[in-house]
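Student: Following this message is one structure expressed as structure tokens.
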Protein chains: 2
Amino acid sequence: MFESAELPHAIDDATYKKQVTRLRADLLDAQYELLEKPGLALVVLVNGVDAAGKGEAINVLNEWLDPRHVKSHAFGVSTFEEVQRPRMWRYWMSLPPKGEIGILFGNWYEGPIWRRVHNVTGEAELGKDIERIRRFERMLVDENAPLLKLWFHLSKKQQKKRLASLEKNKLTAWRVTKLDWEKHAQYNRYRKVSERVLRDTSTGEAPWNVIDGSDPNYCSITVGNAVLGALCRHLEAARQVERAAKRTPKKEIAEAASAKAKAVMAPLVQTVDTARLLRDLPFKERLSKAKYATKIQLVQGELAHRVRSPKMKDHAVVVVFEGVDAAGKGGAIRRITSALDTRIYSVIPIAAPTDEEKAHPYLWRFWRHLPPRGRFVIYDRSWYGRVLVERVEGLAEEAAWMRAYTEINEFEEELVDHGIIVVKLWLAITKDEQLKRFKERETTAFKQYKITPEDWRNRKRWDDYVDAASEMIDRTSTESAPWTIIEANDKHLARVRAIETITSRLDKLL
Amino acid sequence: MFESAELPHAIDDATYKKQVTRLRADLLDAQYELLEKPGLALVVLVNGVDAAGKGEAINVLNEWLDPRHVKSHAFGVSTFEEVQRPRMWRYWMSLPPKGEIGILFGNWYEGPIWRRVHNVTGEAELGKDIERIRRFERMLVDENAPLLKLWFHLSKKQQKKRLASLEKNKLTAWRVTKLDWEKHAQYNRYRKVSERVLRDTSTGEAPWNVIDGSDPNYCSITVGNAVLGALCRHLEAARQVERAAKRTPKKEIAEAASAKAKAVMAPLVQTVDTARLLRDLPFKERLSKAKYATKIQLVQGELAHRVRSPKMKDHAVVVVFEGVDAAGKGGAIRRITSALDTRIYSVIPIAAPTDEEKAHPYLWRFWRHLPPRGRFVIYDRSWYGRVLVERVEGLAEEAAWMRAYTEINEFEEELVDHGIIVVKLWLAITKDEQLKRFKERETTAFKQYKITPEDWRNRKRWDDYVDAASEMIDRTSTESAPWTIIEANDKHLARVRAIETITSRLDKLL
């Protein structure tokens, strides 16, 4: 990977000056087009060996681009708040919003390489890290936040020369630290690991650019050109999509939309019998009010005990509530929270996203609420909205909700790997029961707010929702984060079962 | 304060049921009006003795209100990420956005009371804590986030009875912990301290409501009525403002606006000679390019050394850059960052606020970027926008920017108290120098983006900006966070001076 970067590259000062003027103007033009183009961001990764000009490259980009729309983030050892969350959390939180350029320095490549170099991980684990990175980057590309990956290279000899010359000069000696020399001593090992990582993560949609860091002029120009090239490529792709949309006759669009609407509800592959399962739930059990009054306190007490376990400090809990309108999510959530110390839980109701949320990849708004260790977060509706309401109502592109199954599974896998206990509850009610509850809501003054014309509209598509839910449960019930279907025609029973499910997951995993 | 709460209060079940139906409907109506009223939020504080029904009150509110627009936060011992930031940070980050109701449980009253009860602080320090709270709450009220403060009370005897009866019942025993009894033993001391705190923080705009927690029915109804009352009061005030605006004839509005525009630039009080100072800066010193090339590296090295000091881990640095357009802020910032490890700094360019930022009190968007210990944040323009551009351009109400001086001083005082080193730099250039730079920007392709019609418009109000800046420097240059005026007609000198200023502040304070 590094051979061509080790060939001598240099640009003399005169050529440099001439090229820079043009390059800066072009970069700014492209940056402003990015700002105006709706929904496109650029992620620039800056990695590579020390003293190869990474810091200088960031400075050059901040000088050449309009810095108000460039966000640079550098990651070192994780801070306290970062170690509390899954590994990828800090990178998610640093993704640039649409219209902006994010420069990420010491990003998600740093950890896997470091761990392998220091033998914290073996080849197999590195392979797993690489696999994760590929999927994460794939998601970014899909979410219109394509990547430009820059690797700054110096040969071992060049690095030594560079460090020595900086150190010799009284004015620049402060730039070299003991750590730089320690890392230099490990150059060969670092190179070997990096080479594998770069090879395996140079994908079609996000290839690496290896940049020779030996000549500062060459390095700056190359970085500038790489950013310009990436911007132009992505802008051109966006323009093509726009043009194609304009060219297509209206009739064709209408036909495609209608065909799509039909196709949307056809399952991706013929799945097992979850659909029938959801439709044919027995709904027989009942819990009398009197028995409930005792039982609920009992199960609350059991949950409270589990949560107070000292083991909880190494874990966190994420509970997801899904179900059709009026399935009883709110009531069940309140019975859970009244068993918990108010200081350890948050309830996150998922409604329309804010503009900051819309400007980021889909899962960003769920990542931002993840609990630190020892805490409990309950999502009242969740990331599953994409494969439920957004799918059924056509709010998400077909491609977007289709890939969401995988993205969601990977997201939850990351939570579980971090020690987060994920409990997913589907509250199932019958169509008749929903009608009864809707009518009750309409006639009770303080329940009227819970029923809107939208609820009646959704109800008309009952079967589509059941199909979407069935496919969702099939595709996202994993061993580490399984779905639990709770029969909820009887509210009392549903509340008890919801709490029992959480308790038994805690029992199993703590 | 607690006498009337200790009189017997009780509501029987039949009365309760009758009242609740009406109350819930009214609460929802008021909540929806809040949602539609632009720019109004409600902060509900829940405090008081243990076992007096605080947790139940939160549950009741979440049941009676539409929970999608209620955000509850409970604060316990500070988490790692919280202790890294000034004390008020976690409360700022939990303020409800406009349109929503925020329920804060164990809020900014918890710490001061706890510290006094345990003799961590004396009476004088408690007085200071109270003073801070009063100012903070005043700000919230001014920023259209009025407070409803609920204190749940039980007499010592009642508390003992409540705890014992919960403990006796097998179903509820889990609700009582050892800590509850420990706190019960300290009841008298806690009551004495609380009484003082409540008395001194029961202000006209944010009084305390003491609620008798002995009867659950009474308690729920009282909480509901208190929230309803607060909502109605604030909504009515907002409606009155709207009506008054409608009644005023257009001519009168125009006259008032013109009178206001004139008044805006009249200094609040006759201040000292900062205005003349800013106008009569000598601008004599120069630094040749050759000398600069050496000097800048020297001062960068000195800064780098200071920042690497182990003492930095207990501190953080906030640097604020202000100055007219083209004063050279960006260039100076890049010279600072190139002396810093990329992993420890962030540059925050302050542009138009996002909708989440607009939905919170003014300073919220600056609080959210505060560095944890050991880190460096550089604000490229800052909270001073309110008393500069927003004042001059009439973007903020007169009352808003007038109180901003005090709010800013208090904000910076909190940073300093937390060990954050605050460096505020005003880059001063002459009107001629600005013209020269504007013209240069217009003729250099890659600098054109830096010059917009707005810059030329701002330039026409040069004197107003200088006046506003002078008054700002006068009113916000405090001993712990002083302003440094840097003559910046010579860019080289300005960059060196900016770095030297930071270094010397670090020298003084580390």
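Student: What full-extension length gain, to one decimal in nm, is calculated for B:ALA173 and B:THR203 as 0.36 nm per residue of separation minus the Cα-Cα distance?
Tutor: Details: separation 30, 0.36 × 30 = 10.80 nm, distance 3.90 nm.
Computed gain between B:ALA173 and B:THR203 is 6.9 nm.
Student: Can you give me the distance in nm between label points at A:VAL77 and A:HIS305, each placed 7 Å from the Cα along the Cα-to-Cβ direction?
Tutor: 4.1
Student: Two decimals, Cα atoms only, Kirkwood Rh: what is Rg/Rh over the range A:375-484? Don't skip to the answer; put the middle values down first.
Tutor: Details: Rg = 16.0 Å, Rh = 15.7 Å.
We get a ratio of 1.02 for the range A:375-484.
Student: Using every pair of alpha-carbon atoms in the range A:305-373, split the distances into 5 Å bins beginning at 0 and state the percent of pairs per bin, rounded to integers.
Tutor: 3, 12, 21, 20, 19, 15, 8, 2, 0
Student: Only Cα pairs under 8 Å and at least 6 apart count here; give the relative contact order of the range B:325-405 as a rounded whole percent.
Tutor: Working: 52 pairs, mean separation 23.2, N = 81.
Relative contact order, the range B:325-405: 29 percent.
Student: When all C-alpha to C-alpha distances in chain A are sorted into bins of 10 Å, what percent of pairs does each bin hold, rounded to whole numbers?
Tutor: 3, 16, 24, 22, 16, 11, 6, 2, 0
Student: Mind checking the per residue accessible area of the protein assembly as shown for me, 1.4 Å probe, whole number of Å²? Intermediate results must be reported in sequence, preceding the final value.
Tutor: Details: 46240 Å² over 1020 residues.
Per residue, the protein assembly as shown has 45 Å² of solvent-accessible surface.
Student: How far is helix A:250-264 tilted off the main Cα axis of chain A, in degrees rounded to 10, range 0 to 90?
Tutor: Approximately 60 degrees, to the nearest 10.
Student: At 222 nm, what value in deg cm²/dmol follows for the protein assembly as shown if DSSP H runs of at least 4 each add -39500 (n - 2.57) and the sum is divided by all its residues, to the nearest 500? Provide the component values of the computation, followed by the final result.
Tutor: Details: 45 runs with 555 residues, N = 1020.
Taking each H run of at least 4 residues, the total per residue is -17000 deg cm²/dmol.
Student: Related question: Can you give me the distance in nm between label points at A:CYS232 and A:LEU510, each placed 7 Å from the Cα along the Cα-to-Cβ direction?
Tutor: Label at A:CYS232, label at A:LEU510, 6.0 nm between them.
Student: Find every distance from the label point of B:ALA237 to the corresponding label point in the other copies (7 Å from Cα along Cα→Cβ) and write them in nm, one decimal, shortest first.
Tutor: Reported distances to equivalent positions: 5.2 nm.
Student: Another question, then. Tell me which residues come under 5 Å, amide H to amide H, from A:VAL210 once H is placed; ignore anything under 5 positions away on its chain.
Tutor: Distant-sequence amide H within range of A:VAL210: A:TRP151.
Student: Here's something else I'd like to know. Please state the equivalent ellipsoid semi-axes for the protein assembly as shown: what are the square roots of 5 times the Cα gyration tensor eigenvalues, largest first, in whole Å? Provide the component values of the computation, followed by the final result.
Tutor: On the way: eigenvalues 488, 298, 171 Å².
With the √(5λ) rule applied to the protein assembly as shown, the semi-axes are 49, 39, 29 Å.
Student: ³J(HN,Hα) across the range B:173-180 via Karplus (A = 6.51, B = -1.76, C = 1.60, θ = phi - 60°), whole Hz, x for Gly/Pro?
Tutor: 4, 4, 6, 9, 10, 4, 4, 4
Student: Quote the accessible area belonging to B:HIS73 in square angstrom, nearest 10, computed with a 1.4 Å probe and with ligands, DNA and RNA left uncounted.
Tutor: Probe radius 1.4 Å; accessible area of B:HIS73 about 60 Å².
Student: Here's a follow-up. What angle, in degrees between 0 and 90 and rounded to the nearest 10, separates the Cα long axis of helix A:156-168 from the longest principal axis of the Cα atoms of chain A?
Tutor: It works out to around 70 degrees.
Student: Here is a further query. Mind checking the dipole of chain A: about its Cα centre, +1 per Lys or Arg Cβ, -1 per Asp or Glu Cβ, Debye to the nearest 20? The partial results should precede the final answer.
Tutor: Numbers: 86 positive and 73 negative charges, 244 e Å.
Magnitude of the dipole: close to 1180 debye.
Student: Could you list which residues have their amide H under 5 Å from that of B:VAL422, counting only those 5 or more apart in sequence or on another chain, with H placed in the peptide plane?
Tutor: Placed amide hydrogens put B:VAL318 under 5 Å from B:VAL422.
Student: Also: If you rank B:MET93, A:MET472 by how much accessible surface each has, with a 1.4 Å probe, what is the order from largest down?
Tutor: The most accessible residue leads, giving B:MET93, A:MET472.
Student: For the range B:436-466, state which residues have at least 50 Å² less accessible area in the presence of all protein chains than in their chain by itself, taking the probe as 1.4 Å and leaving out ligands, DNA and RNA.
Tutor: Residues of the range B:436-466 that lose at least 50 Å² of accessible area once the other chains are added: B:PHE446, B:TYR449.
Student: Considering only protein heavy atoms and a probe of 1.4 Å, how much of the accessible area of the range A:431-492 is carbon and sulfur, as a whole percent?
Tutor: On the way: 1430 of 3120 Å².
After summing per-atom areas, the C and S share lands at 46 percent.
Student: Residues of the range A:158-177 losing 50 Å² or more of accessible area relative to the isolated chain, 1.4 Å probe, heavy atoms only?
Tutor: Those are A:LEU171, A:TRP174, which lose 50 Å² or more relative to the chain on its own.
Student: For A:58-65, what's the mean count of beta carbons from other chains sitting within 10 Å of each residue's beta carbon?
Tutor: Details: counts 4, 5, 1, 0, 6, 4, 1, 2.
That average works out to 3.
Student: Could I ask something else about it? Taking 24 Å as the cut-off for C-alpha to C-alpha distance, list the pairs among B:LYS329/B:LYS436; A:LYS447/B:LYS17; A:LYS291/B:LYS156; A:LYS460/B:LYS17; B:LYS246/B:LYS460; B:LYS295/B:LYS450 that go past it.
Tutor: Values: B:LYS329/B:LYS436 16 Å; A:LYS447/B:LYS17 15 Å; A:LYS291/B:LYS156 34 Å; A:LYS460/B:LYS17 35 Å; B:LYS246/B:LYS460 34 Å; B:LYS295/B:LYS450 28 Å.
As for pairs spanning more than 24 Å Cα to Cα, those are A:LYS291/B:LYS156; A:LYS460/B:LYS17; B:LYS246/B:LYS460; B:LYS295/B:LYS450.
Student: Which shape class applies to the range B:387-447: rounded if a/c is under 1.5, otherwise prolate when a/b exceeds b/c and oblate if not, where a ≥ b ≥ c are the square roots of the Cα gyration tensor eigenvalues?
Tutor: Values: a/c = 3.27, a/b = 1.72, b/c = 1.90.
It is oblate, given that a/c is not under 1.5 and a/b is not larger than b/c.
Student: Then there is this: Got a number for the accessible area of A:CYS232? Probe 1.4 Å, square angstrom, nearest 10.
Tutor: That residue has around 60 Å² of solvent-accessible surface.
Student: Estimate the FRET efficiency between B:THR294 and A:LYS128 by the formula 1/(1 + (r/R0)^6), using the beta-carbon distance for r and 60 Å for R0, to the nearest 0.05.
Tutor: Values: r = 50 Å, r/R0 = 0.84.
So the FRET efficiency works out to roughly 0.75.
Student: Calculate the dipole size of the protein assembly as shown relative to its Cα centre from +1 charges on Lys and Arg beta carbons and -1 charges on Asp and Glu beta carbons; express the result in debye to the nearest 20.
Tutor: Numbers: 172 positive and 146 negative charges, 227 e Å.
I would put it at about 1100 debye.
Student: Also, I was wondering about something else. For the range A:292-343, what does the convex hull of the Cα positions come to per residue, in cubic angstrom?
Tutor: Numbers: hull volume 4.6 nm³, N = 52.
Roughly 88 Å³ of hull volume per residue.
Student: Compute the Cα gyration tensor for the range B:1-64, then decide on rounded, prolate or oblate, letting a ≥ b ≥ c be the square roots of its eigenvalues: rounded whenever a/c is under 1.5, prolate when a/b is larger than b/c in the other cases, and oblate in all that remain.
Tutor: Taking the square roots of the gyration eigenvalues as a ≥ b ≥ c, the range B:1-64 is oblate.
Student: Just to make sure I understand: if all protein chains stay in place, what is the order of B:TYR91, B:TYR190 by accessible area at 1.4 Å, largest first? Intermediate values should be presented prior to the final figure.
Tutor: Working: B:TYR91 20, B:TYR190 55 Å².
Descending accessible area places them as B:TYR190, B:TYR91.
Student: Rounded to whole Hz and in sequence order, give me ³J(HN,Hα) for the range B:424-434 from the Karplus expression 6.51 cos²θ - 1.76 cosθ + 1.60, θ = phi - 60°, writing x for Gly and Pro.
Tutor: 10, 10, 9, 8, 9, 10, 7, 4, 5, 5, 4
Student: Defining the label point at 7 Å along Cα→Cβ, can you sort the distances from B:GLU125 to the same site in each other copy, shortest first, in nm?
Tutor: Counterpart label points of B:GLU125 in the remaining copies fall at 4.4 nm.
Student: Taking θ = phi - 60°, what integer Hz values does the Karplus form 6.51 cos²θ - 1.76 cosθ + 1.60 yield along the range B:350-366, in sequence order, with x for Gly and Pro?
Tutor: For the range B:350-366, the Karplus curve yields 9, 10, 4, x, 6, 5, 5, 5, 5, 7, 10, x, 3, 6, 3, 6, 8 Hz.
Student: What's the center-to-center distance, using Cα atoms, between the range A:32-84 and the range A:460-490 in Å?
Tutor: Between the Cα centre of the range A:32-84 and that of the range A:460-490, the gap is 40 Å.
Student: Return the carbon/sulfur percentage of the accessible area of the range A:24-121, one whole number, probe 1.4 Å, all protein chains in place. Present the calculation step by step, with values, prior to reporting the outcome.
Tutor: Working: 1740 of 3200 Å².
Using a 1.4 Å probe with all protein chains present, the range A:24-121 comes out at 54 percent carbon and sulfur.
Student: Dipole of the range A:397-438 (Lys/Arg Cβ +1, Asp/Glu Cβ -1, origin at the Cα centre): which of A:HIS418, A:GLN434, A:TRP401 lies farthest to the positive side?
Tutor: Value computed over the given set: A:GLN434.
Student: Here's something else I'd like to know. I need to check one value: relative contact order of chain B, counting alpha carbon pairs closer than 8 Å and at least 6 residues apart, in percent. Working shown, then result.
Tutor: Values: 662 pairs, mean separation 94.3, N = 510.
Over chain B, the number comes to 18 percent.
Student: Next question. Let's test the formula: R0 of 56 Å, r as the Cβ-Cβ distance of B:LYS313 and B:LYS160. What FRET efficiency results, to the nearest 0.05?
Tutor: Efficiency for this residue pair is about 0.75.
Student: Among rounded, prolate and oblate, which fits the range B:290-435 when a ≥ b ≥ c are the square roots of the eigenvalues of its C-alpha gyration tensor, a/c under 1.5 means rounded, and a/b larger than b/c means prolate? Mind dumping the intermediate values first?
Tutor: On the way: a/c = 2.22, a/b = 1.28, b/c = 1.73.
In terms of gyration-tensor shape, oblate.
Student: Further question on the same structure: Any idea of the total accessible area buried by the A-B contact, 1.4 Å probe, rounded to 100 Å²?
Tutor: Working: alone 25650 and 25700 Å², together 46240 Å².
Roughly 5100 Å².
Student: Here is a further query. Farthest toward the dipole's positive end in chain B, which of B:ALA339, B:PHE2, B:PRO482, given Cβ charges of +1 (Lys, Arg) and -1 (Asp, Glu) about the Cα centre?
Tutor: B:ALA339
Student: Next up: Using +1 on the beta carbon of Lys and Arg, -1 on that of Asp and Glu, and nothing else charged, what's the dipole of the range B:33-152 about the Cα centre, debye to 20?
Tutor: Values: 16 positive and 17 negative charges, 67 e Å.
With only Lys, Arg, Asp and Glu charged at Cβ, the dipole is about 320 debye.
Student: Taking a point 7 Å out from Cα toward Cβ as the label site, list the nm distances between A:ARG191 and the same residue in every other copy, smallest first.
Tutor: Inter-copy label distances (nm, one decimal, shortest first): 7.8.
Student: Could you order A:ARG335, A:ARG457 so the one with the most accessible surface comes first? Probe is 1.4 Å. Show your work: numbers first, answer last.
Tutor: On the way: A:ARG335 55, A:ARG457 140 Å².
Ranked list, largest accessible area first: A:ARG457, A:ARG335.
Student: With an 8 Å Cα cut-off and a minimum separation of 6 or more residues, compute the relative contact order for the range B:1-137 in percent. Present the calculation step by step, with values, prior to reporting the outcome.
Tutor: Numbers: 114 pairs, mean separation 39.7, N = 137.
Relative contact order for the range B:1-137 comes out at 29 percent.
Student: With the solvent-accessible surface defined on protein heavy atoms using a 1.4 Å probe, which residues belonging to the range A:330-368 display a reduction of at least 40 Å² in accessible area in the multichain context relative to the isolated chain?
Tutor: At a threshold of 40 Å² (probe 1.4 Å), the residues of the range A:330-368 that become less exposed are A:ARG334, A:SER338, A:THR342, A:ARG343, A:PRO349, A:ASP355, A:GLU356.
The values are calculated or read from the model by the stated rules, or taken from the named source; none is laboratory data. Values in this document were obtained by computation on a predicted structure and should not be read as measured data. Methodologically, a virtual Cβ is constructed for each residue, glycine included, from the backbone with ideal geometry; neighbour enumeration extends over all protein chains shown. SASA here: full protein model, heavy atoms, side chains in, ligands and nucleic acids out. Shrake-Rupley method; radii C 1.70, N 1.55, O 1.52, S 1.80 Å.
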